[in-house]
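What follows is a set of notes on a single structure, which appears directly below.
The values are calculated or read from the model by the stated rules, or taken from the named source; none is laboratory data. On a predicted model such as this, the values are computed, not experimentally measured, just so you know. Here the Cβ positions follow ideal geometry from the backbone for every residue, glycine too, while neighbour counts run over all protein chains shown. What goes into the accessible areas is simple: the full protein's heavy atoms, side chains included, and nothing from ligands, DNA or RNA. Shrake-Rupley method; radii C 1.70, N 1.55, O 1.52, S 1.80 Å.
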Amino acid sequence: MKQEYLTPSAEELILCKDPSIICETYLFDPAQGEEKLGYLFAAGETEDRDGVGKPLLDTVITAIQREYYREATRSPSASFEMALHQANLILYDSAQSGIRDWMGHFHVSIGVLAGTELHLSVAGAGAVFLARKSQVTNISQGISHFPI
């Protein structure tokens with residue numbers, strides 16, 4: 001029997017009409033030598049909070065991307081754990097420095113598709129849904145506590 005592999009295909013879909021809400025999708029392809037780490041993707045929503053929301057969201061996702069692909073010899077799961085740890089450090093440092101406007105308004109879903117492995121994490125009210133034929137299932141239910 002021939003084994004089939006998932007071919008990632010994603011398009012950006014943003015449904016935010018309110019300018020005080022920041023919605024972004026992030027899709028990262030592996031560079032040469034990083035193929036075993038697969039594809040990193042994220043979707044985030046936060047409030048603008050006087051200009052704090054977008055830069056913080058971009059900073060966190062950029063840090064996740066850099067850490068995830070930093071060491072191509074690591075496994076996808078180890079790289080994902082290290083990337084999430086980096087994101088938590090940035091958010092912790094932000095809160096400790098007095099920037100707390102984002103707390104309770106920061107919702108992110110992030111995942112990695114590496115070969116046949118799918119790793120997911122969510123923050124805030126972020127959620128990941130899996131659509132198969134006519135069924136849609138929330139596959140991230142219970143892995144995040146809200147509010148942050």
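Among the residues of the stretch 70-84, count how many are open to solvent by 90 Å² or more (accessible area, probe 1.4 Å) and in contact with a helix residue (DSSP H, G or I) (Cβ under 8 Å, 6 or more places away or on another chain). Counting residues in the stretch 70-84 that are open to solvent by 90 Å² or more (accessible area, probe 1.4 Å) and in contact with a helix residue (DSSP H, G or I) (Cβ under 8 Å, 6 or more places away or on another chain) gives 1. Before we move on, is Gly115 surrounded by 12 or more Cβ atoms within 10 Å (Cβ to Cβ), touching a helix residue (DSSP H, G or I) at 6+ places or on another chain (Cβ under 7 Å) and at positive phi? For Gly115, the condition - surrounded by 12 or more Cβ atoms within 10 Å (Cβ to Cβ), touching a helix residue (DSSP H, G or I) at 6+ places or on another chain (Cβ under 7 Å) and at positive phi - is not met.
Name every residue in the stretch 15-68 that is of a type in the set (Gly, Ala, Ser), open to solvent by 40 Å² or more (accessible area, probe 1.4 Å) and in contact with a strand residue (DSSP E or B) (Cβ under 7 Å, 6 or more places away or on another chain), in order of residue number. Listed by number, the residues that qualify are Ser20, Ala43. Could you list, in sequence order, all residues of the stretch 126-140 that are open to solvent by less than 80 Å² (accessible area, probe 1.4 Å) and either of a type in the set (Phe, Trp, Tyr) or not in a loop (DSSP other than H, G, I, E, B) (or both)? Matches in the stretch 126-140: Leu130, Ala131, Thr137, Asn138. Restricting the search to strands (runs of 3 or more DSSP E) fully inside the stretch 14-125 and requiring at least 3 residues that are among the aliphatic types (A, V, I, L, M) and closer than 22 Å to Gln141 by Cα gives 39-47, 106-114, 117-123.
Exactly one of (1) more than 15 Å from the chain's Cα centre (by Cα); (2) modelled with pLDDT of 90 or more; (3) under 25 Å from Ala131 (Cα atoms); (4) of a type in the set (Gly, Ala, Ser) is unmet by Ala78. Its number? The failed condition is (3).
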